[in-house]
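Comments concern the structure below.
The values are calculated or read from the model by the stated rules, or taken from the named source; none is laboratory data. Note that this is a predicted model, so its numbers are computed, not measured. Glycine gets a Cβ as well: all are built from the backbone with ideal geometry, and neighbour counts include every protein chain shown.
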Amino acid sequence: MNQSAVETAHLPKLPQDLSRPIGCIGSGFIMADCHLPAYRQAGFNPVAIASRTPANAAAVADRHNLTAYDSYLSMLSDADIQVVDVAVPPDMQLSVIRDIVKQSHKIKGILAQKPLGVDYQQACEIVDLCAQADIVLSVNQNMRYDQSVRTCKHLLNEGLLGEPVFASIDMRAIPHWMPWQEPLGWVTLRIMSIHHLDTMRYWLGDPQRVYCSVRPDPRTTFKHNDGICLYILEYESGARASCWDDVWTGPAREGAAADIGINWRLEGTQGTAKGTIGWPEYPTPTPSTLDYTTITTGDQWIQPRWEEVWFPDAFVGTMAQLLVALETNTEPAISAQDNLKTMALVEACYLSAAEHRAVEISEIHSC
């Protein structure tokens, strides 16, 4: 076993050319506090920013040494950029990307936030628009670059865990919901669960079917169905996966003691890996963890550790994989076509919860 490879498996591959200019659309938390600090840390070249609120864009530009524009249309027209980082609410993504593809003579790549549009059909339209414009589209499924998730994938790729048997993610955390969610009526499936569904696809491949059960979160005041979400994924290989996305996690905000955290586990025929996700401790930098044992290591747990954290360090990886794809003329590691399967899995969860039945992914995925 190459232990040094395990200890560095969480690090993303970086492009050789770091100078490709990046334009940013959106100036909220995810851009200001995650994307841009990560890009500066990695040596990437964000140069311009615009958002719905020009004053916010100007403040973020001043903080991160960018040029602010009054609108993203003027930025797309005037700024010297080749890659666009789109961090806007999902109901705005389609219209923004329609405008970006009109600049296909100079725009080479787009990194879009998840979820890719408001539903699977809109995601298909976005993917088609970029394909027709010959623009490389990738999706910011950043949990794939959480350090423990990525290292677990390395263990699977190296065969150290054998054939996957069972995987689980148990989230007991209280997210900060965005104002734009209320009119859309979403809480967990498209915002939090999409991370876990995509991680299971990253680890285990595409499931055949999913069964999902949901109930409203008592803390969230606007109308919604997908608060607490429980789902089981079935694989043709016989593997099973289960996720418990509990955004209530007891009355921790109402006076009771808190018991908050995210734990994951993957059991294979040759070994077991388990870990934690450090994100619930944000803004305190808390690295995720991974412990693993195999039939060759014997009765001990191997515990690689790292200093990097999911927020913001994982965002180096999501932009890096797009820049590498542009540099090498290859598919991004998180390609838009692949992400359609994650979007289809999310839609299957909604259908399963509404109809109280297991849903085949093939019922949804068609484009």
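Residues in region 332-340 include none that are assigned to a loop (DSSP other than H, G, I, E, B) and at pLDDT below 95.
One residue is enough: does region 185-193 have a residue meeting the conditions outside the structural domain of Asp91 (by TED's automatic domain parsing) and surrounded by fewer than 17 Cβ atoms within 10 Å (Cβ to Cβ)?
As a first pass, look at region 185-193 and keep what is outside the structural domain of Asp91 (by TED's automatic domain parsing): 185-193.
Then drop every residue that is not surrounded by fewer than 17 Cβ atoms within 10 Å (Cβ to Cβ), which leaves 185.
Yes, that holds for at least one residue.
So which residues in region 249-264 are in contact with a strand residue (DSSP E or B) (Cβ under 7 Å, 6 or more places away or on another chain), surrounded by fewer than 18 Cβ atoms within 10 Å (Cβ to Cβ) and hydrophobic (A, V, I, L, M, F, W, C), if there are any at all? I'd like the intermediate steps shown before the answer.
Start the filter on region 249-264 by keeping residues that are in contact with a strand residue (DSSP E or B) (Cβ under 7 Å, 6 or more places away or on another chain), which leaves 249, 259-264.
Retained after the next criterion (residues that are surrounded by fewer than 18 Cβ atoms within 10 Å (Cβ to Cβ)): 259-261, 263.
Within region 249-264, Ile260 is the sole residue that qualifies.
Within region 229-254, the residues that satisfy the criterion of being part of a strand (DSSP E or B) and closer than 14 Å to Pro175 by Cα are Cys229, Asp245, Asp246. The lone criterion from (1) more than 30 Å from Val214 (Cβ to Cβ); (2) in contact with a strand residue (DSSP E or B) (Cβ under 7 Å, 6 or more places away or on another chain); (3) surrounded by 23 or more Cβ atoms within 10 Å (Cβ to Cβ) left unmet by Ser288 is number (1). Restricting attention to region 215-241, the residues being without any contact (Cβ under 8 Å) to a residue 24 or more places away in the chain and acidic (Asp, Glu) number 0.
Filtering region 30-49 to residues that are over 14 Å from Ala320 (Cα atoms) and either more than 20 Å from the chain's Cα centre (by Cα) or modelled with pLDDT under 95 (or both) leaves Val47, Ala48, Ile49. Taking the listed residues Ile135, Ile174, Ile169, Ile110, the one that is surrounded by 24 or more Cβ atoms within 10 Å (Cβ to Cβ), among the aliphatic types (A, V, I, L, M) and over 27 Å from Glu355 (Cβ atoms) is Ile110, with no other qualifying.
Restricted to region 171-224, and to residues that are of a type in the set (S, T, N, Q) and under 14 Å from the mean Cα position of the chain (by Cα), which residue is nearest to Leu266 (Cα to Cα)? Reasoning before the result, please.
The initial filter retains those residues of region 171-224 that are of a type in the set (S, T, N, Q), namely 181, 188, 193, 199, 208, 213, 220-221.
Those still in the list that are under 14 Å from the mean Cα position of the chain (by Cα) too: 188, 193, 199.
Details: Thr188: 23, Ser193: 18, Thr199: 12 Å.
By that ranking, first place goes to Thr199.
Which numbered condition in (1) assigned to a loop (DSSP other than H, G, I, E, B); (2) farther than 15 Å from Leu345 by Cβ; (3) not hydrophobic (A, V, I, L, M, F, W, C) is the only one that Asp226 fails? Against the list (1) assigned to a loop (DSSP other than H, G, I, E, B); (2) farther than 15 Å from Leu345 by Cβ; (3) not hydrophobic (A, V, I, L, M, F, W, C), Asp226 comes up short only on (2).
If you filter region 343-364 down to residues that are part of a loop (DSSP other than H, G, I, E, B) and over 15 Å from Glu236 (Cβ atoms), you find that the one that is nearest to the chain's Cα centre (by Cα) is Ile364. When the criteria are applied in full, Ser352 meets the requirement of being small (Gly, Ala, Ser), in contact with a Phe, Trp or Tyr (Cβ under 7 Å, 6 or more places away or on another chain) and surrounded by fewer than 23 Cβ atoms within 10 Å (Cβ to Cβ). Within region 28-59, being crowded, with 23+ Cβ neighbours inside 10 Å, assigned to a loop (DSSP other than H, G, I, E, B) and in contact (Cβ under 8 Å) with a residue 40 or more places away in the chain holds for one residue alone: Phe44.
In the list Glu327, Glu347, which residue meets the criterion of being out of contact with any His (no Cβ under 8 Å at 6 or more places or on another chain), surrounded by fewer than 18 Cβ atoms within 10 Å (Cβ to Cβ) and under 30 Å from Ala131 (Cα atoms)? I'd like the intermediate steps shown before the answer.
Values: Glu347 fails: surrounded by fewer than 18 Cβ atoms within 10 Å (Cβ to Cβ).
Just a single option satisfies the conditions, and that option is Glu327.
Do any strands (runs of 3 or more DSSP E) entirely within region 104-201 hold 3 or more residues that are hydrophobic (A, V, I, L, M, F, W, C) and closer than 23 Å to Gly261 by Cα, and if so, which? Steps first, please.
Numbers: elements: 109-113, 136-140, 164-172.
Counting at least 3 such residues, we get 164-172.
Taking the criterion of being among the aromatic types (Phe, Trp, Tyr) and assigned to a strand (DSSP E or B), the residues of region 255-307 that qualify are Trp264, Tyr292. The lone criterion from (1) assigned to a loop (DSSP other than H, G, I, E, B); (2) touching a helix residue (DSSP H, G or I) at 6+ places or on another chain (Cβ under 9 Å); (3) touching a residue at least 40 places away in the same chain (Cβ under 8 Å); (4) among the acidic types (Asp, Glu) left unmet by Asp70 is number (3).
Here Asn339 meets each of (1) under 30 Å from Ile22 (Cα atoms); (2) in contact (Cβ under 8 Å) with a residue 12 or more places away in the chain; (3) surrounded by fewer than 14 Cβ atoms within 10 Å (Cβ to Cβ) with one exception, condition (3).
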